[in-house]
Amino acid sequence: MPNQSMQLNQVFQALADPTRRAVLERLVGGPATTSELAQPFRMALPSFSQHLAMLEHCGLVQSRKQGRARTYRLVPRQLKAAETWMTRQRALWEKRLDQLDAYLTDQKE
């Protein structure tokens, strides 16, 4: 379980950055090279490559080198794990809020 928790932490850390989220959104449309992914961002390629390395490290993307170009593709499995965690949290908090609502309704009467 600690390993799963660490992987989930890495996914949320990766998702915390707007550049990395934008890269993931772009990859929903299909694989892209490093230069294609970096094009909309105003940063040096080595800095941008660090973002890609983090996404790959936490398992959100995979890369493949073809000649001189490196192509990235989305790996949604880790996003599914994050979604599952958030769904459980939402259910927990909805239950707690329903209990609070019932308590406050009883207090009002």
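Mind checking segment 12-46 for trypsin sites (Lys or Arg not before Pro) that DSSP puts in a loop (not H, G, I, E or B) and that have at most 15 other Cβ atoms within 10 Å? Walk me through the numbers before you get to the answer.
Numbers: sites: 20, 21, 26, 42; in loops: 42.
Answer by residue number: 42.
Quick one: compute the contact order of segment 2-108, relative version, from alpha carbon pairs under 8 angstrom and 6+ residues apart, as a percent.
Values: 79 pairs, mean separation 29.9, N = 107.
Computed value for segment 2-108: 28 percent relative contact order.
Can you give me the long-range amide H partners of residue 41? Hydrogens built in the peptide plane at 1.01 Å from N, cutoff under 5 Å, separation of 5 or more residues or another chain.
Under 5 Å from the amide H of residue 41: no residue qualifies.
Between Rg and the Kirkwood Rh of segment 2-108, both from Cα atoms, what is the Rg to Rh ratio?
Working: Rg = 19.0 Å, Rh = 15.9 Å.
So for segment 2-108, dividing Rg by the Kirkwood Rh gives 1.20.
Give me the angle, in degrees from 0 to 90, between the Cα long axis of helix 45-57 and the longest principal axis of the Cα atoms of the chain, rounded to the nearest 10.
Approximately 50 degrees, to the nearest ten.
Have a look at 62, 89, 99 and tell me which one the Gaussian network model of the chain (Cα, springs below 10 Å) gives the largest fluctuation.
Taking springs between Cα atoms under 10 Å, the residue moving most is 99.
All of the numbers you see were taken from the coordinates with simple rules; none came from a lab. What you see is a predicted model, and the numbers here were worked out from it, not measured in a lab. Cβ atoms come from the backbone with ideal geometry, glycine included; neighbour counts cover every protein chain shown.
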